[in-house]
Structures are given as structure tokens and as C-alpha cells.
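The values are calculated or read from the model by the stated rules, or taken from the named source; none is laboratory data. Bear in mind the structure is a predicted one, so any value in this text is a computation, not a measurement. Quick reminder, even Gly has a Cβ in these numbers, built from the backbone with ideal geometry, and neighbours come from all protein chains shown. Ligands, DNA and RNA are stripped out before the accessible areas are found, and what is left, the full protein with its side chains, is counted by its heavy atoms. Shrake-Rupley method; radii C 1.70, N 1.55, O 1.52, S 1.80 Å.
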Amino acid sequence: MLNEEVVKNIIDSADEDERDVLTRREFVWLGGAAVGAIYLGAIGYPVYEYLSTPAQRSAEAAAVTQTTLDNAANLPKSSAMMFKFGARPAMLIHHEDGSWSAFNAVCTHLGCTVKYEPEQSRIFCACHGGTYDPRTGANVAGPPPKPLTKFNVEVKDASVIISRA
Amino acid sequence: MQASLSQEPKKRLAAVYDWADERLGLTGIIDLARHKTVPDHKYSFWYYWGGISLFFFIVQVFSGILLLVYYRAGADAYESVRQITYDIKFGWLVRSAHSWSANLMVLAVFVHLFSVLFMKAYRKPREFGWWSGLILLGLTMVFGFSGYLLPMDDLAYFATKVGLEIPASIPLVGDLITNIVRGGQDVSEVTIQRFFALHVVILPLMYIPFLGFHLFLVQKHGNALPPSEEAKPMSERRFIRFFPDFFAKDMGMWLIALNILAILASLYPWQLGKQADPLASAPEGIHPEWYFMSQFQILKVFGRWFPGAAGEALGMLLFTAALVVLVLIPFLDPGSKSGRRARTVTYIGLGLLLGLIFTTIWGYWEV
């Protein structure tokens, strides 16, 4: 009897004196919410990792700084070849005077893949008519807001080594 | 000033609720949930198994959609499952959860079936609940069978080959039907493609309406009472509120089911065998999933006792008879007012259950 009264007094005083103390109801709710959050996390984290694996892989692939194109030195003059730099398409151009250029081939306007047109001496995007300079990558006409990213080109025997500028 | 600030959002919320209530009748639904009661008695435990089956079905839908993100049916099937299992992060866990949950769902469905049978919950007015339940059981087993082939490893390949011999042994039309289902005379990537369509499109399209009907009937008629409870006068029966009491218990069961699934799926990850090779001979001890073991063993034993086509035909006859008996169960219980005296159904149920367990154990014994 005495014990019960003491406990009741303590609870009462806790309720009345210290408003910061959790009530039993709040404690249960908080505990429930915490356990629920743990379950959500334990299910959500694997699902997130599972679904994002390809995105992570592609981000890793995009992190490359250099790629070697075997036998690309045989590319005829006034022509271009497409290759993959990291995860995205890129373009290697062999100019008429024998010099080389390489660019990221993704249009800076809305992401279409661009095309080299030697007879017009331009890089052209068919989606909205964006035009770039084939030697510098500068955006010269149409909607593109930025130039194409230019890569370094090094010819070594039959191979061409492309690297980030 | 402060009071009006805190009052304002509450008022707005109430206005939004009233607006929606007027159009959707929310108050009626809430009232229904508030006043609905569920009988509480010493057999209550057995009344959670339908809900547990439903939980595993939801897990199947969820994990199945996740697998669909990477799975490729057809010739590439094995390679895509290999990638899911060994390459994609947590892919092994998603696949393992799907396989384990499938097995646990079949188990829960069987427990549910026999609970309903022994508690006589199929009696008037619940006959349609019983029949829709039998259809759901059949669809569940076809789900299991069609899903088992999809990884196209050697076990899946041979289990499907053997399993398709059962419909093939139907007299007259068996071969024709089986060849159409299989897409040729042997299991191949054509079979995977159509089993895939069956597994992820046709079966869900059939399953979900029957499930909806089944659940609607449970709501319409309420939980059944076992005969021993029905015999008690109203004053001696106990009830608990559906919400929150029964709901909380139901969710508690789901939580237990989730934990068991998590332990099994993570500690005993589902394995992937070698790629199926149509020219390789069957590995030793090839056998179907446990829920087909009984039928497998019966066919095997009958084949031993009655050589030739007679064994298979007798086996099929037995399966058909068992199915007919199951369908007719509500009519075999004529004293529907006092199901207590309907001993026939209890004996049939015991016979079926013991027969299933015995032939299953026998089958594993011989493997």
C-alpha cells in the first residue's frame, strides 16, 4: 500500500512539476515511431541500393579520365567516328589537314547526340538545329547555350588516346 | 490572437474533411470500422492465417515488381537471374525474399484451408468464400509452378519438365494441351516467355478479382464462429473491437510474419543452380517443390504398382476425386445449424491432411 502511494506520488509530481517528462502515451507513440522508422529503413535501404545499382555503375563509368581507341588512327580524313567516353557518346574527328579533334557528342541544348557534317564544315544537332564549330566545339548557331566539351587527342602508332582536357 | 492562430488550421482541416465526406461518405466507413466487432475465443489463433496469406501475397507483389526491373525472360533468363543474384546490390535479398515469401504464402494458404475446414467456416452463408478460396489456392499453386521455371537453372528446368507430365497424362487431350502450354514438345526459352506472361500478367489479373471477392465476403458475413462457440448463448460469447483491437493483433501477426521472412531470406539466401542444359541428364534426387511433393509421390508410387498408363490415369482420377470432394464440402455438411455433428467433413479433412503429410514425407524419404 505504502509503495503504491509513493509511486503514485512520484508519477503525480512528475506530471505536475516537470512538464518535460514524457507521459506513458507519448513514450509508447515515440517508441512505436522509432521502431517503425527502423523497419522502414531496413526495407528502404536495400531497395534503394537495388534500384540505384545501374546509376551508381554509370556514375563510376563516367568518372574515367582516359580511353584508348585501337586502330582509330586509320580513320580517313574528313570523317568522324563515334565512341563511348565513360557512359556517354563522344566523337573523334579527323580533319582534312590531318589534325584531330574530339568532343563530348551530347548537345548542350537538350541532350541529343550530334553529328559531324564535313561538307558543311560543322557539327550539327538534328533535334533543334544547334550548330558547333568542328575544331573548337564552340556553339556558333541555334539554341545551344554552351560549347561542346573538348577532349585531348594523342595519336600513338595505330591507336588514338582520348583524355579529359 | 494565439488561440485563433491554432484554431484556424483545425477549422480548415475540418472543412476539407466535410467536403470529402459529403462526396465519399467517409463517416459511414469510419463508423463501420468503429462498430465492427470480431469474435474472440480459444481458437482465434487460426483466424489470422487468411490475413497472413494476404501479407505474403503483398510481399510477393512488391518483391515481384522489384525483380521485374532486372529480369529478362526468354533466352537471357538465366543470365539475368545470375546478375540479380550476384551482381546487383541486394538483388540476392530481393530474390530470396520473393522465393521464401512464395513458400510461406503456400504454407499459410494451406493452414488457412484446413483451419476453415475444421472450424466449419464454409457453412451457410459462406459457401462462396470457400469456393473462391479454392480457386485462390489453385491459382497460388500455378503461381508457384510458373515462377519456379523463370530462373531456368537445372532444378527449375527438370522440375518443370516433370511437372508438365501431370497435365500430359490427362486422357485424350493431355498431350495437346501440354504442348500448347509448353510451347513445343520440350521446355525451352519459348516456355519461359509464356510462363513469364502467365506469372506476371495473366495470373495476377485472375487472382486479384477473386481475392477482392473473397475479402468482400469476409467483410459481408463477418468472421465465422466455430461450432463450439455457436452453441454458446450470446451472453457467453466474447467479442473484441475490430479497430483498434483486432487490427492491432492482425498487424502484430504481420510483423511476426515479416520478421520470420527477413530471417529466412537473409540467413538462408535462395540458391541459383547451374544453367539448364537440355542435353544434360537429370541431376540425382530431382524433386518438385514441397507443395507438389504429395502429387509427385502418388504418381510415382502408382506408376510402380500399376505399370503403364494405368498408374498415371489412376493418379489423375484420385486428384480429381479429391478436388471434387473439396468443392462439395459445403454440401457434405447438411446439419449446417449444428456443424458439431458434421463428423463426415472432419474425417474427410483429417484424411486429406494426413494423406498430404504422409505422402509428402514419403516423397522426401525416397529422394
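Things to note:
- Here B:A97 clears all of (1) within 28 Å of A:G44 (Cβ to Cβ); (2) in contact (Cβ under 8 Å) with a residue 60 or more places away in the chain; (3) part of a loop (DSSP other than H, G, I, E, B) except the condition numbered (3).
- You will find that of B:I357, B:I348, the residue that is within 21 Å of the chain's Cα centre (by Cα), β-branched (V, I, T) and either loosely packed, with under 14 Cβ neighbours inside 10 Å or modelled with pLDDT of 85 or more (or both) is B:I357 and no other.
- Candidate set: the range A:136-159, residues that are in contact (Cβ under 8 Å) with a residue 40 or more places away in the chain, under 17 Å from A:K115 (Cα atoms) and part of a loop (DSSP other than H, G, I, E, B); chosen: the one most open to solvent (accessible area, probe 1.4 Å): A:T149
- Of residues in the range A:48-83 being within 14 Å of another protein chain (Cβ to nearest Cβ) and open to solvent by less than 30 Å² (accessible area, probe 1.4 Å), the one nearest to B:A97 (Cα to Cα): A:Y50
- Taking the range A:46-118 as the region of interest, none of the strands (runs of 3 or more DSSP E) fully inside it holds 3 or more residues being touching a Cys at 6+ places or on another chain (Cβ under 7 Å) and not charged (D, E, K, R).
- With respect to the stated conditions, B:N223 fails to be open to solvent by less than 70 Å² (accessible area, probe 1.4 Å), polar (S, T, N, Q) and free of Cβ contacts under 8 Å to residues at least 12 places away in the same chain.
- Residues that are closer than 16 Å to B:F242 by Cα and among the aromatic types (F, W, Y) within the range B:201-222 comprise just one, B:F216.
- Boolean, B:A102 is more than 14 Å from every other protein chain (Cβ to nearest Cβ), at pLDDT below 95 and either surrounded by 21 or more Cβ atoms within 10 Å (Cβ to Cβ) or not in a helix (DSSP H, G or I) (or both): no
- Residue identified as outside any helix (DSSP H, G or I) and either over 30 Å from B:L352 (Cα atoms) or in contact (Cβ under 8 Å) with a residue 24 or more places away in the chain (or both) among B:K120, B:K161: B:K120
- Note on the range B:187-230: no enclosed helices (runs of 4 or more DSSP H) hold 3 or more residues that are touching a strand residue (DSSP E or B) at 6+ places or on another chain (Cβ under 6 Å).
- Once the range B:273-301 is narrowed to residues that are among the aromatic types (F, W, Y) and surrounded by 19 or more Cβ atoms within 10 Å (Cβ to Cβ), the residue that is farthest from B:F110 (Cα to Cα) is B:F296.
- Criterion (of a type in the set (A, V, I, L, M), touching a Gly at 6+ places or on another chain (Cβ under 7 Å) and either modelled with pLDDT under 90 or in a helix (DSSP H, G or I) (or both)) met by exactly one of B:I286, B:I298, B:I263: B:I298
- For the range B:238-255, filtered to residues that are part of a helix (DSSP H, G or I) and away from chain A (no Cβ under 13 Å), the residue that is nearest to B:F56 (Cα to Cα) is B:M253.
- The listed residue being over 17 Å from B:I240 (Cα atoms) and open to solvent by less than 60 Å² (accessible area, probe 1.4 Å), out of B:S80, B:S44: B:S80
- Selection count, the range B:60-94, where residues are at the interface with chain A (Cβ under 10 Å from one of its Cβ atoms), in a helix (DSSP H, G or I) and without any contact (Cβ under 8 Å) to a residue 12 or more places away in the chain: 1
- Looking only at residues in the range B:302-328 that are under 28 Å from B:V345 (Cα atoms), more than 20 Å from the chain's Cα centre (by Cα) and in contact (Cβ under 8 Å) with a residue 40 or more places away in the chain, the one that is least open to solvent (accessible area, probe 1.4 Å) is B:G315.
- Test result for B:S115, out of contact with any Lys or Arg (no Cβ under 9 Å at 6 or more places or on another chain), open to solvent by less than 20 Å² (accessible area, probe 1.4 Å) and within 14 Å of another protein chain (Cβ to nearest Cβ): no
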